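Chemist: Take a look at the following structure, please.
The values are calculated or read from the model by the stated rules, or taken from the named source; none is laboratory data. Keep in mind it's a predicted model, so treat the numbers as computed, not measured. Note that we place each Cβ from the backbone using ideal geometry, even for glycine, and neighbour counts take in every protein chain shown. Surface areas here come from the heavy atoms of the whole protein model, side chains and all, with no ligands, DNA or RNA. Shrake-Rupley method; radii C 1.70, N 1.55, O 1.52, S 1.80 Å.
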Amino acid sequence: MAPGEKIKAKIKKNLPVRGPQAPTIKELMRWYCLKTNTHGCRRIVVSRGRLRRLLWILPSLPSFFLLFIICSLIFYTFFCVLGLSRQQLHLFLPSTDSRRIRGQGYSAVKPLLADLEQETRAALKTLYGFSEIESRKRREAEPGSSAWEGPQPKFLHLIPLMVFNEGETSKATDFLTGQKRKVSGSIIHKAADVMHVQESKEVVGFQLCSNGTSQCAVYTFSSGVNAIQEWYKLHYMNIMAQVPLEKKINMSYSAEELLVTCFFDGVSCDARNFTLFHHPMYGNCYTFNDKENEIHSTSMGGSEYGLQVILYINEEEYNPFLVSSTGAKVIVHRQDEYPFIEDVGTEIETAMATSIGMHLTESFKLGEPYSQCTEDGSDVPIENIYNAAYSLQICLHSCFQTKMVERCGCAQYSQPLPPAANYCNYQQHPNWMYCYYELHQAFVQEKLGCQSVCREACSFKEWTLTTSLAQWPSVVSEKWLLRVLTWDQGQQIKKKLNKTDLAKLLIFYKDLNQRSIMESPANSVEMLLSNFGGQLGLWMSCSIVCIIEIIEVFFIDSLSIIARQQWQRAKKWWSQRQALACPEAPSSLQGQDNPVLDIDDDLPTFTSALRLPPAPEAQVPGTPPPRYNTLRLERAFSNQLTDTQVPAES
Amino acid sequence: SPPRYSKVKHLLKDLDQLMEAVLERIVAPEQPLSNATRTLNFTLWNHTPLVLIDERNPHHPVVLDLFADNHNVSASGSPAPGRACNAQQCKVAMRLCCRNGTVCTFRKFISATQAVTEWYTLQATNIFSQVPTQELVKMGYSGEQLILACLFGAEPCSYSGARVHLGQVIHPPLRFVHLWSLGLPAAASAPPPTGLKLILDLGQEDYVPFLTSTAGARLLLHEQRSYPFVKEEGIYAMSGTETSIGVLVDKLERKGKPYSQCTVNGSDVPIRNLYSDYNTTLYYQCEACIRSCFQDHMIQNCSCGHYLYPLPRGQKFCNNQEFPDWVYCYSQLRQSLGQRETCIRMCKESCNDTQYKMTISMADWPSEASEDWIFHVLSQERDQSTNITLSRKGIVKLNIYFQEFNYRTIEESAANNIVWLLSNLGGQFGFWMGGSVLCLIEFAEIVIDFLWITVIRLVAFCKSLRQRRAQARYAGPPPTVAELVEAHTNFAFQPDTANPGAYPDEQTLPIPGTPPPNYDSLRLQPLDVIESDSEGDAI
C-alpha cells in the first residue's frame, strides 16, 4: 500500500468527523445546533412548529449581531489612553489683549466731558472741602476750571449727590442747595454695615427717581470715592452713548501709539498684527493673534519664543475720575472668546518688566445625560448678543441686556447692542438709571432667572499664568534705552519718553505641554451589558435566551396552562350541569375509551393553544401504546430525537 | 545675573564705544561726526554693520550707512543721509554678508531698540567666545559674593551647605548663571523646615548696560540632575522686594511605548545630549535635546558652534576671525522653520516630568523702619565698611517654600487592559449567546468538520467523476470475464444480454426474513417523555 494511503487512513482514524454518522453538511449543522452550548441555536432546532421556530429565530439572530457590534466597539476603545495628553507641535499663542486701563484718550474726550468734570470737582469741593485737586499741567491751561457759577449744573440736577447722616437716613443734605430735604424711598446701601464704626459718620450717596411714578431709591456708599466714581460712571455712560463708534475709536489710542516695540518668536511684529477691539468703557483694546488676522504660532516654549512688547502708557491721558490706577491690562483668551476685560485680566505695571508664563489646560465635560452643560449654546434660550463663542458669562450678560431692553426700553452702554435697540441716554430715556439700578439689583438677587437659564459650556481652555516682575529698565541701561525708544516712537508723541510711561511685557508658554482634563462616563452601555452578562453567566450560566425562556415558561406558558385548566374545569362543570339537566345524553365521547386523545394532556402546541381541530396524524390508534420506558434510557438522545422529530415536523 | 561690567569692561571697550556712536547716529543724525567717532575701532563694525533703510519711496528703498562719512554708499547719493528720517520712514536693519561680502541680506527690524540690542548681543557673543571659559567664570559673581544670607528652615546654610546643596553651574558663560538645587525633603522627618530664605546681592550698577535691560534675579526650580534653562523658563524676582514663592510639585508620569512616543532616559533619541557634561547624564530633557539638535545643525551648516549652547568635542565656537560667515549662517538657520520642525520631531518628550506651580507674592523689603540696620549689617558683612554700600535696588530677599510637603503624581493609565477586555468580551458573549470559550472552540471544530466533510465529498465527487469518465469510454456494459476469455478463442461468442425480465421475482424480492415490527405507535408515547425532557415546557 502506498504511504499516502497509510497517512490518509491514519488521519481518518485519529481525526474522525465529529458529526453524527451521516457525514453531510445538513446533518452536521443539525448536530451542532443540538449539541452546542449557545442556547439559541438549540432552541431553534428543537422547537416544534414554524411559528415557534420563527419566534426563537427572532431574538437569536439580532443578539448575534449585537454581540458583534458591541465586541467591535470594545476592541475599538481598547487602545485609548485615559489621562494626560500632550501635544508637542504648534500651540497657537492665544489671543492676547493688551490694553490700557483708561477710558477714551482723555484730551480728546475732554470737550464732551468738560461740564461733567466741572461739576464733579465742585461736588468734591462742597463735600470734602478742598478747593483744588492737585492739578496737573494740562488742567492749568484750561480756562475757568473753577467757574462754578457759570452754567446751571444739569448733571447734579438729574441725579443729586447727597450727604446722609448715618443715624437719620431719611434726612439728607443736598449739597447743591445746601438745604436739608426729606428723602423718601427705599435706601439701598452699597456698603457693608461693618464699615461704619464711628457714630456720626456721614455717608455719600445719590438718589434715583423714576419720573413717571414717584418711586425713588437712594444708593449710599461707605466711601465717597466709590460714590463719586459710580456717579461719574453713570453720567459718562450717558454722554458716551450718544457718540458714534467711529468717533470714539478715533478718540482712543491707535495701536502704533500703544506699541513701541513688538517681537514674536524672534521676529519683529508691529501694529498690523494687532486687531482693534473697542470696549465701551476701556476704549481701544488691541488683540494679538485675533481670528481675523494671520495667526502666529510657536513651536517652542520659553521666553525668547513668546511675545515681547513694550507698551507706551501715557499717564496724563487718564481720566482721573473714571480710572484711578495706571498700567495696562492683559487677558489671555481663546480666539473665539469674548474678553471680559472689566472682570478678568492681569495688570501690568509701568516701569516694570512683567513676565507671564503660561500653561494650557483644556477641560471637556460630558454633555446631556451626565451634566447640564451645553456644547455651543444653541440650546440655551437666550440669544448671544456678542460676536463670540458661547460661555456662561456671555450668556449672563446677554440675558441681562435683553431684560434691560425689555424693561427699560434701552440698552446698557457697557455691553453690546441687541438688534433693534439703542443705548440709554437722558434725552430719550429719562428714567433709565432708576430702571437700570432696579434691574441690576434683581439680577444680583437672581430674580431675573438668568442664572437658572444659562448653563456652562462643555469645553473650555484655561491658561494658568505665572506672573513675575522685575525692574525695567535697569539703572545702567535706562539712559540709552529711553533715547532709542523715543526715537522709535518718533512722531506719535512729541516728547521725551519717561520710564514710567513704559511697560515691558513678556508672554510665553512655559513648555508646549498641554494638559487635557476629560470626563468619561463611569459606565457605558456596552460595559453595563457586559457586566450584566458576566454576572448572569457566572451565577446562573444564563444568557439573554435564558431570560426569554424564563419569560416564556413562567409567564406565557404557565399562565396559558392555568387558563386552559380553568377552562377545562369550567367546561366540565358546565357539561356536568348539562348532564344533570338531561342525564340520558352521553356525557362525553372523549376521555373514556381513549384518554390519549385528550388534547389537554398533550404539550401546548400551536394547534392546541389555538384550539384548532387536531391534525390528521393525531388520530390515535385504538389501543394505548406500550410505555417503553426502558427504551428511552438505552438509546442515544440524539438518535431518538432525530427519529421522533422527523415525522413530527412533516 | 549677568557678568560684572567692571570685570569685562576691557573686553567690551571697543564695542561699547561703537554702540554709543551708533546710538548717537540713529537718534541725532544731523550732528556731524565727532572726532571721537573717527578714532573708533571699525573692525567689528565692518563685519556686520547696521544700516538705515529709507522707505519713503516704497519702490526704491535706499540703504544708508550709519557712518556715511567713512563708507560712502554711492547708491544713495544724498548729501545728508539720515536727515529728516524718523522711525516710521527709516527702519534699522542689520547687514549680513557671506562669502567675503558678495552675498548680502538685510535683516530688518521694526524698532531700532531691537535692532541695536540684537546687534550688540551678536558682537558680544563674538568677543566672549574668544575668551577661555575659566577666565569668564572669574568675571562673574561667585556664589559667595551673590548670596548675602541664607537660611534653610531654621538652620543657616552656606554656599555649600550640608542640607541644601548649593551648586554653581557656569555655562553658557554669557549668562553667568548661578543656581541652587533645592533638595526636596525626602521624607518629612522632624519638624519640617519652613523653606529657603535667601538675600541676594544683585549689584545692579555692575550690569553690562547694553546686554540686559531688565534688573532682577532670575530663578528656576528644577530637578536635581536636570539642566536649568533659566533664561527660557525662569521667573523674575524684583530687587528691593521680599518675594515669596510657594511651590506645589506635580509629577507627571506617562505610559510608554504603545500609547505615546515618550522616552525614559533618552537612549532611543538619535541626538547626543550635549548637556550631559552638566550632571545630567541620566536625566532626559526635551529642551536640552532640542538645543543639542540646534547646535548639531549649526556645526553642520556653519562649521562652528554657537556660543550659547554647549560645544561638542573637537569643535570651535563661532567668531568673526575664523568663521567670517557665521552671523549670516546663524540667522538663516535660526529663521528656518524646517530646522526647528526636524529637531522637534526627533526629540521625544520625556516620560517623567516634574512641574512646579508657583504662587508668587511680593512686598517691599526692607521696610523703612528696618532699612537702616539691615543695610548696615549687610554692608559690614560684604565690604567690611561702616558706611552703607548697598541700596534698595541692589538686593532682593527670596522665600521659597513648599506649600505642601507631599507632591501630586499624575499618572497615565490605560483605559482598558487585557483582563478588562476579556471579562467584557466574556460578558457580552455570555449575555447575547450564552456562550463561552468552549463555544468558540466548538465553533472552530465545526468549521474544521465542515471543511473536512467538504474535502471528503469533493474527493468522492472527483472519484465518481473519474469513474464515470472511465465508464464512458466503453459504451455499453463492461465485458464480463467469460466474454474476455472467449474473445480470443471463440469469435462467435455472444454474451448473454442482460435481461431483467428473465428473473423478475429474484431481482426485486428482498432478502428473506421477518420484517421488523413497524412500531409506529411507539412514537407517540415516548415522544411525550422525551419532548418534555428536552423542551421543558410541559408541566
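Chemist: Just to be sure, is B:F443 at the interface with another protein chain (Cβ under 7 Å from one of its Cβ atoms) and either open to solvent by 50 Å² or more (accessible area, probe 1.4 Å) or more than 30 Å from B:T354 (Cα to Cα) (or both)?
Modeler: It is false that B:F443 is at the interface with another protein chain (Cβ under 7 Å from one of its Cβ atoms) and either open to solvent by 50 Å² or more (accessible area, probe 1.4 Å) or more than 30 Å from B:T354 (Cα to Cα) (or both).
Chemist: Further, regarding this structure: Mind counting the residues in region A:551-585 that are closer than 30 Å to B:C439 by Cα and either away from chain B (no Cβ under 11 Å) or more than 52 Å from the chain's Cα centre (by Cα) (or both)?
Modeler: Going through region A:551-585 one residue at a time, the tally reaches 2.
Chemist: Something else about it: From A:K403, A:K461, which residue is touching a helix residue (DSSP H, G or I) at 6+ places or on another chain (Cβ under 9 Å) and either charged (D, E, K, R) or open to solvent by 40 Å² or more (accessible area, probe 1.4 Å) (or both)?
Modeler: A:K403
Chemist: Select from region A:519-542 the residues that are at the interface with chain B (Cβ under 7 Å from one of its Cβ atoms) and open to solvent by 70 Å² or more (accessible area, probe 1.4 Å) and list them in ascending order.
Modeler: The answer is A:N531, A:F532.
Chemist: Any residue that is more than 8 Å from chain B (Cβ to nearest Cβ) and either in a loop (DSSP other than H, G, I, E, B) or closer than 30 Å to A:N314 by Cα (or both) - is there at least one of those in region A:466-477?
Modeler: no
Chemist: Which of the residues spanning region B:36-75 are modelled with pLDDT of 70 or more and acidic (D, E)?
Modeler: B:D54, B:E55, B:D65 - these are the residues of region B:36-75 that are modelled with pLDDT of 70 or more and acidic (D, E).
Chemist: Another question about this same structure. Restricting region B:214-237 to residues that are part of a loop (DSSP other than H, G, I, E, B), open to solvent by less than 20 Å² (accessible area, probe 1.4 Å) and not hydroxyl-bearing (S, T, Y), which is nearest to the other protein chains (Cβ to nearest Cβ)?
Modeler: Looking at the filtered set, the residue picked out is B:G216.
Chemist: Among the helices (runs of 4 or more DSSP H) contained in region B:281-383, which hold 2 or more residues that are open to solvent by less than 40 Å² (accessible area, probe 1.4 Å), touching a helix residue (DSSP H, G or I) at 6+ places or on another chain (Cβ under 9 Å) and within 14 Å of chain A (Cβ to nearest Cβ)?
Modeler: B:286-302, B:326-335, B:337-346
Chemist: B:L211 versus (1) in a loop (DSSP other than H, G, I, E, B); (2) at pLDDT below 70: which is the lone unmet condition?
Modeler: Among (1) in a loop (DSSP other than H, G, I, E, B); (2) at pLDDT below 70, B:L211 violates only (2).
Chemist: Also: So which residues in region B:189-208 are hydroxyl-bearing (S, T, Y) and either open to solvent by 30 Å² or more (accessible area, probe 1.4 Å) or modelled with pLDDT of 80 or more (or both), if there are any at all?
Modeler: If the condition is that a residue be hydroxyl-bearing (S, T, Y) and either open to solvent by 30 Å² or more (accessible area, probe 1.4 Å) or modelled with pLDDT of 80 or more (or both), then B:S189, B:T194 are the ones that fit.
Chemist: What residue, of B:S413, B:S370, is of a type in the set (S, T, Y) and free of Cβ contacts under 8 Å to residues at least 60 places away in the same chain?
Modeler: Of the residues listed, the single one that is of a type in the set (S, T, Y) and free of Cβ contacts under 8 Å to residues at least 60 places away in the same chain is B:S370.
Chemist: If we only count helices (runs of 4 or more DSSP H) wholly inside region B:76-150, which ones have 2 or more residues that are touching a helix residue (DSSP H, G or I) at 6+ places or on another chain (Cβ under 9 Å) and at pLDDT 80 or above?
Modeler: B:112-128
Chemist: Looking at the structure I just gave you, is A:G357 within 12 Å of another protein chain (Cβ to nearest Cβ) and part of a loop (DSSP other than H, G, I, E, B)?
Modeler: So A:G357 fails the test.
Chemist: Picking from B:V247, B:V269, which residue would you name as being in the same structural domain as B:Q315 (by the TED database), buried (at least 18 other Cβ atoms within 10 Å of the Cβ) and not in a loop (DSSP other than H, G, I, E, B)?
Modeler: Of the residues listed, the single one that is in the same structural domain as B:Q315 (by the TED database), buried (at least 18 other Cβ atoms within 10 Å of the Cβ) and not in a loop (DSSP other than H, G, I, E, B) is B:V247.
Chemist: Same structure again: Going through region A:442-465 one residue at a time, which ones are farther than 28 Å from A:I356 by Cβ and either within 11 Å of another protein chain (Cβ to nearest Cβ) or not β-branched (V, I, T) (or both)?
Modeler: A:A442, A:F443, A:Q445, A:E446, A:K447, A:L448, A:G449, A:C450, A:Q451, A:S452, A:C454, A:R455
Chemist: Ok, one more. Is there a residue in region A:374-382 that is among the hydroxyl-bearing types (S, T, Y), free of Cβ contacts under 8 Å to residues at least 40 places away in the same chain, in contact with an Asp or Glu (Cβ under 7 Å, 6 or more places away or on another chain) and in the same structural domain as A:Y423 (by the TED database)?
Modeler: Within region A:374-382, not a single residue is among the hydroxyl-bearing types (S, T, Y), free of Cβ contacts under 8 Å to residues at least 40 places away in the same chain, in contact with an Asp or Glu (Cβ under 7 Å, 6 or more places away or on another chain) and in the same structural domain as A:Y423 (by the TED database).
Chemist: Still on this model: Residues in region A:312-341 that are under 30 Å from B:R340 (Cβ atoms) and either in contact with a helix residue (DSSP H, G or I) (Cβ under 6 Å, 6 or more places away or on another chain) or open to solvent by 20 Å² or more (accessible area, probe 1.4 Å) (or both): how many?
Modeler: Selection size over region A:312-341: 5.
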